[in-house]
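Q: Here it is, the structure, as C-alpha coordinates.
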Amino acid sequence: MKKPIIAIVGRPNVGKSTFVNRLVGARQSIVDDMPGVTRDRIYFDVEWQHKYFTVIDTGGIIPGDEDEIMLSIFDQVQIACDESDKIIFLVDGKDGVHPADKDIANILRKSGKKVFLVVNKIDSIQASAMTADFYSLAIGEPIAISALHGSGGVGDLLEILTEDFKAEDEQIDENTIKIAIVGRPNAGKSSIVNALLKEERVIVSEVSGTTRDSIDSKINYQNKDFVLIDTAGIRKKAKVDWGVEKFAVDRAIRSIRDCDVAVLVIDATEGISDQDKKISALITEAGKGIVIAVNKWDLVENKQTNTMRDFEKKLEKDIPFLSYAPKIYISAITKQRINQIFEKSIEVCEQADKRVSTGLLNKIINEAYAMNPPSTVKNKRLKILYTTQINTAPPTFVMFSNNGDLMKDHYKRYLEKKLREAFGFFGTPIRISVRERSGK
(Lines give C-alpha, C1' and ligand atoms only; values in the text may rest on other atoms or scores of the structure.)
Protein backbone atom coordinates (compact mmCIF):
# COMPACT_ATOMS: atom_id res chain seq x y z
CA MET A 1 0.00 0.00 0.00
CA LYS A 2 1.28 3.45 -0.90
CA LYS A 3 2.25 5.45 2.16
CA PRO A 4 0.51 8.80 2.74
CA ILE A 5 2.76 11.74 1.83
CA ILE A 6 3.10 14.97 3.82
CA ALA A 7 4.96 17.92 2.32
CA ILE A 8 6.66 20.45 4.61
CA VAL A 9 6.62 23.94 3.11
CA GLY A 10 7.80 27.35 4.28
CA ARG A 11 10.19 30.20 3.68
CA PRO A 12 13.94 29.73 4.34
CA ASN A 13 15.28 29.17 7.86
CA VAL A 14 12.01 28.51 9.66
CA GLY A 15 13.28 25.08 10.81
CA LYS A 16 11.86 22.67 8.24
CA SER A 17 14.89 20.36 8.25
CA THR A 18 15.12 20.48 12.06
CA PHE A 19 11.46 19.45 12.16
CA VAL A 20 12.14 16.59 9.73
CA ASN A 21 15.02 15.40 11.91
CA ARG A 22 12.68 15.46 14.89
CA LEU A 23 10.12 13.33 13.04
CA VAL A 24 12.64 10.86 11.65
CA GLY A 25 14.53 10.64 14.94
CA ALA A 26 17.98 11.28 13.46
CA ARG A 27 20.02 13.99 11.77
CA GLN A 28 18.90 13.06 8.28
CA SER A 29 18.47 16.49 6.72
CA ILE A 30 21.30 19.00 6.76
CA VAL A 31 20.63 21.70 9.33
CA ASP A 32 22.41 25.05 9.19
CA ASP A 33 21.60 28.66 10.03
CA MET A 34 22.27 29.75 6.45
CA PRO A 35 19.01 30.13 4.50
CA GLY A 36 18.45 27.90 1.49
CA VAL A 37 20.37 24.84 2.70
CA THR A 38 17.69 22.40 1.49
CA ARG A 39 17.23 22.89 -2.24
CA ASP A 40 15.68 19.72 -3.60
CA ARG A 41 12.70 17.83 -2.27
CA ILE A 42 13.94 15.05 -0.02
CA TYR A 43 11.85 12.06 1.05
CA PHE A 44 11.96 10.38 4.47
CA ASP A 45 9.87 7.56 5.91
CA VAL A 46 8.37 8.18 9.35
CA GLU A 47 6.64 5.88 11.84
CA TRP A 48 4.29 7.15 14.52
CA GLN A 49 2.40 4.64 16.68
CA HIS A 50 2.56 1.96 13.95
CA LYS A 51 1.37 4.41 11.32
CA TYR A 52 3.80 4.82 8.42
CA PHE A 53 3.98 7.83 6.14
CA THR A 54 6.48 9.79 4.04
CA VAL A 55 7.50 13.39 4.66
CA ILE A 56 9.00 15.60 1.97
CA ASP A 57 11.53 18.17 3.17
CA THR A 58 11.51 21.04 0.68
CA GLY A 59 13.65 24.08 0.07
CA GLY A 60 12.71 27.41 1.58
CA ILE A 61 10.78 29.58 -0.89
CA ILE A 62 10.36 33.31 -1.32
CA PRO A 63 7.55 33.98 -3.81
CA GLY A 64 8.57 36.53 -6.41
CA ASP A 65 12.32 35.90 -6.13
CA GLU A 66 13.64 35.58 -9.70
CA ASP A 67 16.99 33.97 -8.80
CA GLU A 68 17.58 30.84 -10.93
CA ILE A 69 18.11 28.53 -7.98
CA MET A 70 15.16 30.03 -6.06
CA LEU A 71 12.90 29.50 -9.08
CA SER A 72 14.04 25.85 -9.27
CA ILE A 73 13.34 25.42 -5.55
CA PHE A 74 9.88 26.90 -6.07
CA ASP A 75 9.23 24.34 -8.83
CA GLN A 76 10.34 21.54 -6.49
CA VAL A 77 7.97 22.75 -3.77
CA GLN A 78 5.07 22.85 -6.22
CA ILE A 79 5.80 19.26 -7.29
CA ALA A 80 5.97 18.21 -3.62
CA CYS A 81 2.58 19.82 -2.97
CA ASP A 82 1.09 18.06 -6.00
CA GLU A 83 2.42 14.70 -4.78
CA SER A 84 1.35 15.13 -1.16
CA ASP A 85 -1.84 14.14 0.60
CA LYS A 86 -1.38 16.81 3.28
CA ILE A 87 0.80 19.90 3.67
CA ILE A 88 2.51 21.32 6.74
CA PHE A 89 3.01 25.07 6.40
CA LEU A 90 5.84 25.83 8.82
CA VAL A 91 6.36 29.39 10.05
CA ASP A 92 8.78 31.02 12.49
CA GLY A 93 7.14 31.96 15.80
CA LYS A 94 10.05 34.13 16.86
CA ASP A 95 9.99 36.26 13.71
CA GLY A 96 6.23 36.62 13.67
CA VAL A 97 4.21 36.91 10.49
CA HIS A 98 6.52 37.60 7.55
CA PRO A 99 5.31 39.07 4.22
CA ALA A 100 6.54 35.92 2.46
CA ASP A 101 4.32 33.84 4.80
CA LYS A 102 1.27 35.66 3.45
CA ASP A 103 2.31 34.96 -0.14
CA ILE A 104 2.91 31.28 0.61
CA ALA A 105 -0.45 31.02 2.39
CA ASN A 106 -2.18 32.40 -0.71
CA ILE A 107 -0.45 29.77 -2.87
CA LEU A 108 -1.29 26.89 -0.51
CA ARG A 109 -4.96 27.86 -0.30
CA LYS A 110 -5.18 27.23 -4.05
CA SER A 111 -3.60 23.75 -3.76
CA GLY A 112 -6.84 22.08 -2.72
CA LYS A 113 -4.91 20.05 -0.11
CA LYS A 114 -5.43 19.93 3.66
CA VAL A 115 -2.93 22.45 5.09
CA PHE A 116 -1.74 22.45 8.70
CA LEU A 117 -0.32 25.76 9.94
CA VAL A 118 2.55 24.92 12.33
CA VAL A 119 4.29 27.67 14.30
CA ASN A 120 7.86 26.60 15.09
CA LYS A 121 10.39 27.86 17.67
CA ILE A 122 7.79 28.23 20.40
CA ASP A 123 9.93 27.14 23.35
CA SER A 124 8.59 29.35 26.14
CA ILE A 125 5.30 30.66 27.53
CA GLN A 126 6.25 34.15 26.36
CA ALA A 127 6.84 32.91 22.81
CA SER A 128 3.50 31.08 22.74
CA ALA A 129 1.75 34.44 22.81
CA MET A 130 3.09 35.04 19.30
CA THR A 131 1.06 32.11 17.95
CA ALA A 132 -2.17 34.10 17.84
CA ASP A 133 -0.68 36.51 15.29
CA PHE A 134 -0.69 33.76 12.67
CA TYR A 135 -4.50 33.60 12.58
CA SER A 136 -4.10 36.54 10.19
CA LEU A 137 -2.87 34.11 7.52
CA ALA A 138 -6.43 32.72 7.38
CA ILE A 139 -5.20 29.18 6.76
CA GLY A 140 -6.48 27.41 9.86
CA GLU A 141 -5.71 27.19 13.55
CA PRO A 142 -1.99 27.61 14.35
CA ILE A 143 -0.32 24.65 16.09
CA ALA A 144 2.66 25.65 18.27
CA ILE A 145 5.76 23.43 18.45
CA SER A 146 9.49 23.54 19.12
CA ALA A 147 11.19 21.27 16.57
CA LEU A 148 14.60 21.83 18.13
CA HIS A 149 13.64 20.78 21.65
CA GLY A 150 10.76 18.45 20.80
CA SER A 151 8.57 20.31 23.22
CA GLY A 152 5.27 22.00 22.58
CA GLY A 153 2.69 20.22 20.47
CA VAL A 154 4.85 17.90 18.32
CA GLY A 155 3.02 14.85 19.65
CA ASP A 156 -0.37 16.52 19.32
CA LEU A 157 0.50 17.56 15.76
CA LEU A 158 1.39 13.97 14.83
CA GLU A 159 -1.88 12.75 16.33
CA ILE A 160 -3.84 15.21 14.20
CA LEU A 161 -1.79 14.50 11.07
CA THR A 162 -2.16 10.72 11.28
CA GLU A 163 -5.67 10.39 12.70
CA ASP A 164 -6.97 9.01 9.39
CA PHE A 165 -3.87 6.92 8.63
CA LYS A 166 -4.15 3.16 9.00
CA ALA A 167 -1.86 1.46 11.52
CA GLU A 168 0.04 -1.44 9.96
CA ASP A 169 3.30 -3.36 10.10
CA GLU A 170 6.03 -1.88 7.97
CA GLN A 171 7.19 -4.23 5.23
CA ILE A 172 10.79 -3.61 4.17
CA ASP A 173 11.91 -5.33 1.01
CA GLU A 174 15.45 -6.50 1.65
CA ASN A 175 15.86 -7.18 -2.07
CA THR A 176 15.70 -3.48 -2.93
CA ILE A 177 19.01 -2.33 -4.42
CA LYS A 178 20.39 0.98 -3.17
CA ILE A 179 22.35 2.84 -5.83
CA ALA A 180 24.43 5.88 -4.85
CA ILE A 181 25.23 8.22 -7.76
CA VAL A 182 28.60 9.73 -6.85
CA GLY A 183 31.33 11.79 -8.45
CA ARG A 184 32.84 15.23 -8.80
CA PRO A 185 30.63 18.34 -9.03
CA ASN A 186 29.05 18.97 -12.43
CA ALA A 187 29.68 15.45 -13.73
CA GLY A 188 25.94 15.16 -14.40
CA LYS A 189 24.80 13.14 -11.38
CA SER A 190 21.47 14.92 -10.91
CA SER A 191 20.76 14.81 -14.64
CA ILE A 192 21.30 11.04 -14.56
CA VAL A 193 18.88 10.63 -11.65
CA ASN A 194 16.25 12.73 -13.44
CA ALA A 195 16.72 10.70 -16.63
CA LEU A 196 16.26 7.45 -14.72
CA LEU A 197 13.21 8.75 -12.86
CA LYS A 198 11.80 10.38 -16.00
CA GLU A 199 10.98 13.51 -13.99
CA GLU A 200 12.66 16.57 -12.50
CA ARG A 201 13.11 15.04 -9.06
CA VAL A 202 16.36 16.92 -8.33
CA ILE A 203 17.47 20.38 -9.36
CA VAL A 204 19.83 20.47 -12.32
CA SER A 205 21.95 23.59 -12.77
CA GLU A 206 25.34 24.60 -14.11
CA VAL A 207 26.08 26.17 -10.72
CA SER A 208 28.65 23.96 -8.99
CA GLY A 209 27.40 22.42 -5.75
CA THR A 210 23.67 22.64 -6.49
CA THR A 211 22.96 19.31 -4.80
CA ARG A 212 23.77 19.66 -1.12
CA ASP A 213 21.94 16.75 0.44
CA SER A 214 21.81 13.08 -0.45
CA ILE A 215 18.38 12.53 -1.98
CA ASP A 216 16.66 9.12 -1.98
CA SER A 217 14.23 8.30 -4.79
CA LYS A 218 12.40 5.00 -5.11
CA ILE A 219 11.79 3.47 -8.52
CA ASN A 220 10.81 0.13 -10.01
CA TYR A 221 12.57 -1.07 -13.16
CA GLN A 222 11.48 -4.31 -14.81
CA ASN A 223 9.79 -5.53 -11.60
CA LYS A 224 12.87 -4.79 -9.50
CA ASP A 225 12.85 -2.13 -6.76
CA PHE A 226 15.67 0.39 -6.51
CA VAL A 227 16.51 3.39 -4.37
CA LEU A 228 18.52 6.03 -6.22
CA ILE A 229 20.65 8.28 -4.02
CA ASP A 230 21.73 11.54 -5.64
CA THR A 231 24.70 12.92 -3.71
CA ALA A 232 26.61 16.16 -3.49
CA GLY A 233 29.67 16.43 -5.70
CA ILE A 234 32.80 15.41 -3.81
CA ARG A 235 35.53 18.02 -4.31
CA LYS A 236 39.11 17.98 -3.11
CA LYS A 237 39.26 18.31 0.66
CA ALA A 238 41.24 21.58 0.47
CA LYS A 239 38.51 23.16 -1.66
CA VAL A 240 35.60 22.18 0.57
CA ASP A 241 34.28 25.06 2.63
CA TRP A 242 33.57 24.42 6.30
CA GLY A 243 29.89 24.28 7.13
CA VAL A 244 27.11 23.24 4.80
CA GLU A 245 29.35 21.96 2.00
CA LYS A 246 31.41 19.88 4.40
CA PHE A 247 28.24 18.32 5.81
CA ALA A 248 27.03 17.62 2.27
CA VAL A 249 30.30 15.91 1.33
CA ASP A 250 30.19 13.92 4.58
CA ARG A 251 26.65 12.84 3.70
CA ALA A 252 27.78 11.80 0.22
CA ILE A 253 30.55 9.67 1.74
CA ARG A 254 28.05 8.17 4.19
CA SER A 255 25.77 7.36 1.25
CA ILE A 256 28.61 5.34 -0.25
CA ARG A 257 28.84 3.34 2.98
CA ASP A 258 25.06 2.77 3.04
CA CYS A 259 24.53 1.79 -0.61
CA ASP A 260 24.74 -1.58 -2.34
CA VAL A 261 26.24 -0.22 -5.57
CA ALA A 262 28.02 3.09 -6.15
CA VAL A 263 27.82 4.49 -9.68
CA LEU A 264 30.93 6.60 -10.19
CA VAL A 265 30.05 9.28 -12.74
CA ILE A 266 32.97 10.50 -14.87
CA ASP A 267 32.65 13.43 -17.25
CA ALA A 268 33.67 12.15 -20.69
CA THR A 269 34.55 15.67 -21.84
CA GLU A 270 37.01 16.22 -18.99
CA GLY A 271 38.50 12.76 -18.62
CA ILE A 272 39.71 11.10 -15.45
CA SER A 273 40.89 13.28 -12.60
CA ASP A 274 42.79 12.62 -9.39
CA GLN A 275 39.52 13.24 -7.54
CA ASP A 276 37.82 10.45 -9.52
CA LYS A 277 40.61 8.14 -8.32
CA LYS A 278 40.09 9.21 -4.71
CA ILE A 279 36.33 8.69 -4.90
CA SER A 280 36.84 5.24 -6.41
CA ALA A 281 39.21 4.46 -3.53
CA LEU A 282 36.48 5.49 -1.05
CA ILE A 283 34.07 3.08 -2.73
CA THR A 284 36.60 0.24 -2.66
CA GLU A 285 37.52 0.85 0.97
CA ALA A 286 33.82 0.76 1.86
CA GLY A 287 33.58 -2.65 0.18
CA LYS A 288 30.80 -1.57 -2.16
CA GLY A 289 29.97 -2.71 -5.64
CA ILE A 290 30.85 -0.20 -8.35
CA VAL A 291 29.77 0.71 -11.85
CA ILE A 292 31.74 3.36 -13.76
CA ALA A 293 29.38 5.54 -15.79
CA VAL A 294 31.13 7.73 -18.36
CA ASN A 295 28.56 10.50 -18.82
CA LYS A 296 28.21 13.10 -21.62
CA TRP A 297 29.37 10.54 -24.17
CA ASP A 298 27.22 12.33 -26.74
CA LEU A 299 29.48 15.40 -26.39
CA VAL A 300 32.69 13.58 -27.27
CA GLU A 301 33.75 14.89 -30.65
CA ASN A 302 35.12 12.91 -33.59
CA LYS A 303 34.18 9.52 -32.17
CA GLN A 304 35.61 6.60 -34.12
CA THR A 305 35.47 2.83 -33.87
CA ASN A 306 38.19 2.69 -31.22
CA THR A 307 37.17 5.76 -29.17
CA MET A 308 35.36 3.77 -26.50
CA ARG A 309 38.11 1.14 -26.34
CA ASP A 310 40.77 3.85 -26.02
CA PHE A 311 38.87 5.55 -23.19
CA GLU A 312 38.54 2.20 -21.40
CA LYS A 313 42.29 1.60 -21.74
CA LYS A 314 42.92 5.00 -20.20
CA LEU A 315 40.54 4.16 -17.37
CA GLU A 316 42.37 0.92 -16.63
CA LYS A 317 45.71 2.71 -16.77
CA ASP A 318 44.66 5.57 -14.48
CA ILE A 319 42.57 3.48 -12.06
CA PRO A 320 44.10 -0.01 -12.37
CA PHE A 321 42.60 -1.27 -9.10
CA LEU A 322 39.14 -0.88 -10.69
CA SER A 323 39.83 -3.07 -13.70
CA TYR A 324 37.09 -5.39 -12.39
CA ALA A 325 34.41 -2.66 -12.55
CA PRO A 326 31.93 -2.65 -15.46
CA LYS A 327 32.09 0.51 -17.58
CA ILE A 328 29.12 2.04 -19.35
CA TYR A 329 29.11 5.00 -21.73
CA ILE A 330 25.97 7.05 -21.31
CA SER A 331 24.30 10.40 -21.88
CA ALA A 332 21.86 11.78 -19.33
CA ILE A 333 20.59 14.25 -21.92
CA THR A 334 19.89 11.83 -24.79
CA LYS A 335 19.27 8.92 -22.34
CA GLN A 336 21.72 6.81 -24.37
CA ARG A 337 22.27 3.48 -22.56
CA ILE A 338 20.97 5.11 -19.36
CA ASN A 339 19.06 2.01 -18.18
CA GLN A 340 22.30 0.03 -18.14
CA ILE A 341 22.77 1.59 -14.69
CA PHE A 342 19.95 -0.62 -13.40
CA GLU A 343 21.06 -3.67 -15.37
CA LYS A 344 24.70 -3.48 -14.35
CA SER A 345 23.77 -2.79 -10.72
CA ILE A 346 21.72 -5.99 -10.61
CA GLU A 347 24.68 -7.96 -12.05
CA VAL A 348 27.11 -6.38 -9.58
CA CYS A 349 24.86 -7.24 -6.62
CA GLU A 350 24.62 -10.85 -7.81
CA GLN A 351 28.42 -11.03 -8.05
CA ALA A 352 28.89 -9.45 -4.62
CA ASP A 353 26.51 -12.01 -3.06
CA LYS A 354 28.22 -14.96 -4.73
CA ARG A 355 29.45 -17.71 -2.41
CA VAL A 356 32.03 -20.31 -3.49
CA SER A 357 32.15 -23.82 -2.07
CA THR A 358 35.18 -24.51 0.11
CA GLY A 359 36.32 -27.48 -1.96
CA LEU A 360 36.29 -25.60 -5.26
CA LEU A 361 37.87 -22.54 -3.65
CA ASN A 362 40.83 -24.54 -2.33
CA LYS A 363 41.25 -26.26 -5.69
CA ILE A 364 41.65 -22.87 -7.44
CA ILE A 365 43.99 -21.46 -4.78
CA ASN A 366 46.15 -24.60 -4.78
CA GLU A 367 46.40 -24.54 -8.58
CA ALA A 368 47.35 -20.85 -8.53
CA TYR A 369 49.98 -21.57 -5.87
CA ALA A 370 51.45 -24.46 -7.87
CA MET A 371 51.59 -22.39 -11.07
CA ASN A 372 53.32 -19.47 -9.39
CA PRO A 373 54.72 -20.17 -5.91
CA PRO A 374 55.63 -17.09 -3.84
CA SER A 375 59.28 -16.13 -3.51
CA THR A 376 61.20 -17.12 -0.41
CA VAL A 377 61.93 -14.49 2.22
CA LYS A 378 65.01 -15.22 4.34
CA ASN A 379 64.81 -18.89 3.33
CA LYS A 380 61.15 -19.04 4.32
CA ARG A 381 58.27 -19.56 1.90
CA LEU A 382 54.61 -18.81 2.38
CA LYS A 383 52.43 -21.91 2.55
CA ILE A 384 48.67 -21.59 2.10
CA LEU A 385 47.18 -24.40 4.14
CA TYR A 386 43.47 -23.79 3.77
CA THR A 387 41.11 -21.14 2.35
CA THR A 388 37.48 -20.44 3.17
CA GLN A 389 34.93 -17.76 2.31
CA ILE A 390 33.54 -16.13 5.43
CA ASN A 391 31.30 -13.42 4.01
CA THR A 392 29.67 -11.82 0.96
CA ALA A 393 29.06 -8.24 -0.20
CA PRO A 394 31.98 -7.94 -0.49
CA PRO A 395 33.24 -11.52 -0.94
CA THR A 396 35.64 -12.06 1.94
CA PHE A 397 38.16 -14.89 2.21
CA VAL A 398 40.44 -16.11 4.98
CA MET A 399 43.63 -17.96 4.10
CA PHE A 400 45.31 -19.95 6.84
CA SER A 401 49.08 -20.00 6.40
CA ASN A 402 52.32 -20.91 8.09
CA ASN A 403 53.34 -17.24 8.40
CA GLY A 404 51.09 -14.26 7.65
CA ASP A 405 54.04 -11.89 7.22
CA LEU A 406 55.15 -13.85 4.15
CA MET A 407 51.98 -12.90 2.25
CA LYS A 408 53.11 -9.85 0.28
CA ASP A 409 50.71 -7.42 -1.40
CA HIS A 410 51.76 -8.37 -4.93
CA TYR A 411 51.07 -12.04 -4.25
CA LYS A 412 47.71 -11.21 -2.70
CA ARG A 413 46.84 -9.30 -5.88
CA TYR A 414 47.88 -12.34 -7.92
CA LEU A 415 45.55 -14.59 -5.92
CA GLU A 416 42.72 -12.07 -6.26
CA LYS A 417 43.23 -12.09 -10.03
CA LYS A 418 42.99 -15.89 -10.08
CA LEU A 419 39.79 -15.78 -7.99
CA ARG A 420 38.26 -13.33 -10.47
CA GLU A 421 39.31 -15.46 -13.43
CA ALA A 422 37.67 -18.50 -11.86
CA PHE A 423 34.53 -17.02 -10.30
CA GLY A 424 33.94 -13.58 -11.80
CA PHE A 425 33.19 -11.18 -8.93
CA PHE A 426 32.76 -8.42 -11.51
CA GLY A 427 32.08 -5.02 -10.02
CA THR A 428 32.82 -5.93 -6.42
CA PRO A 429 35.96 -5.63 -4.32
CA ILE A 430 37.40 -8.78 -2.78
CA ARG A 431 38.72 -9.00 0.76
CA ILE A 432 41.55 -11.44 1.55
CA SER A 433 42.91 -11.79 5.06
CA VAL A 434 45.64 -14.14 6.26
CA ARG A 435 45.74 -15.99 9.55
CA GLU A 436 48.54 -18.09 10.90
CA ARG A 437 47.84 -21.64 11.92
CA SER A 438 50.00 -22.58 14.87
CA GLY A 439 52.23 -25.65 14.73
CA LYS A 440 52.57 -25.60 10.95
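Q: Take the Cα of Asp353, step 7 Å along the line toward its Cβ, and report every residue of segment 385-425 whose backbone nitrogen sits under 17 Å from that point.
A: Once the point is set 7 Å along Cα→Cβ of Asp353, 391-396, 425 turn out to lie under 17 Å by backbone N, inside segment 385-425.
Q: Right, next: Suppose every Lys and Arg Cβ carries +1 and every Asp and Glu Cβ carries -1, with no other charges. What dipole size does segment 308-391 come out with about its Cα centre, to the nearest 20 debye?
A: In total the dipole reaches around 380 debye.
Q: What does the accessible area of Cys349 come to, in Å² to the nearest 10, when a probe of 1.4 Å is used?
A: Per-residue accessible area (Cys349): approximately 20 Å².
Q: So, by mean Cβ neighbours within 10 angstrom, what's the order for 316-323, 414-421, 4-11, 187-194 with the highest one leading?
A: Ranked by mean Cβ neighbours within 10 Å, highest first: 187-194, 4-11, 414-421, 316-323.
Q: Provide, as a two-decimal number, the C-alpha radius of gyration of segment 43-126 over 2.2 N^0.38 Å, N being how many residues it has.
A: Ratio of Cα Rg to 2.2 N^0.38 Å: 1.20.
Q: Right, here's the next one. Taking the Cβ of Pro99 as the center, what net charge do the other residues with Cβ under 15 Å away carry, scoring Lys and Arg +1 and Asp and Glu -1?
A: Net of charged neighbours comes to -4.
Q: I need the calculated FRET efficiency for the pair Glu163 and His410, taking r as the beta carbon distance and R₀ as 60 Å, to the nearest 0.05.
A: 0.35
Q: Something else about it: Per 0.36 nm of contour for each residue apart, how much would the distance between Lys102 and Thr388 grow if the chain were fully extended, relative to their Cα-Cα spacing?
A: 96.3 nm
Q: Let me ask another. Could you point to the residue in Phe426, Thr392, Asn379 farthest towards the positive end of segment 376-438's charge dipole, with +1 and -1 charges on the Cβ of Lys/Arg and Asp/Glu respectively?
A: Asn379
Q: In the P(r) worked out for segment 386-437, what percent of Cα pairs fall beyond 17 Å?
A: So the portion of pairs separated by more than 17 Å is 32 percent.
Q: Here's a follow-up. Report the full-extension gain for the segment Arg435 to Gln304: residue separation times 0.36 nm, less the Cα-Cα distance, to one decimal in nm.
A: Taking Arg435 through Gln304 to full extension adds about 42.1 nm, to one decimal.
Q: A further question follows. Using 0.36 nm per residue, how much length does the chain from Asp156 to Ala422 gain when fully extended, once their Cα-Cα distance is taken away?
A: Net length gain for the segment: 89.7 nm.
Q: A follow-up question, please. Evaluate Rg over Rh across segment 254-331, taking Cα atoms for both radii and Kirkwood's formula for Rh.
A: 0.97
Q: Another one. Can you pull the one-decimal nm distance between simple spin-label points at Ile346 and Asp75, each 7 Å off the Cα toward Cβ?
A: About 3.1 nm separates the two model spin labels.
Q: Which pairs break 18 Å Cα to Cα here: Lys224/Lys344; Lys378/Lys417; Lys296/Lys335; Lys383/Lys408; Lys354/Lys383?
A: Lys378/Lys417; Lys354/Lys383, as the Cα separations exceed 18 Å there.
Q: Would you work out the relative contact order for segment 273-331, in percent, from Cα pairs under 8 angstrom that are 6 or more residues apart?
A: Relative contact order here is 53 percent.
Q: Once you place label points 7 Å from the Cα toward the Cβ at Glu270 and Glu47, how far apart are they in nm?
A: A separation of 4.1 nm, rounded to one decimal place.
The values are calculated or read from the model by the stated rules, or taken from the named source; none is laboratory data. Everything numeric here is computed off the predicted structure, so don't read it as measured data. Neighbour counts run over all protein chains shown; Cβ positions are idealised from the backbone, glycine included. Each accessible area value is taken on the protein alone, full model and side chains, heavy atoms only, with ligands, DNA and RNA left out. Shrake-Rupley method; radii C 1.70, N 1.55, O 1.52, S 1.80 Å.
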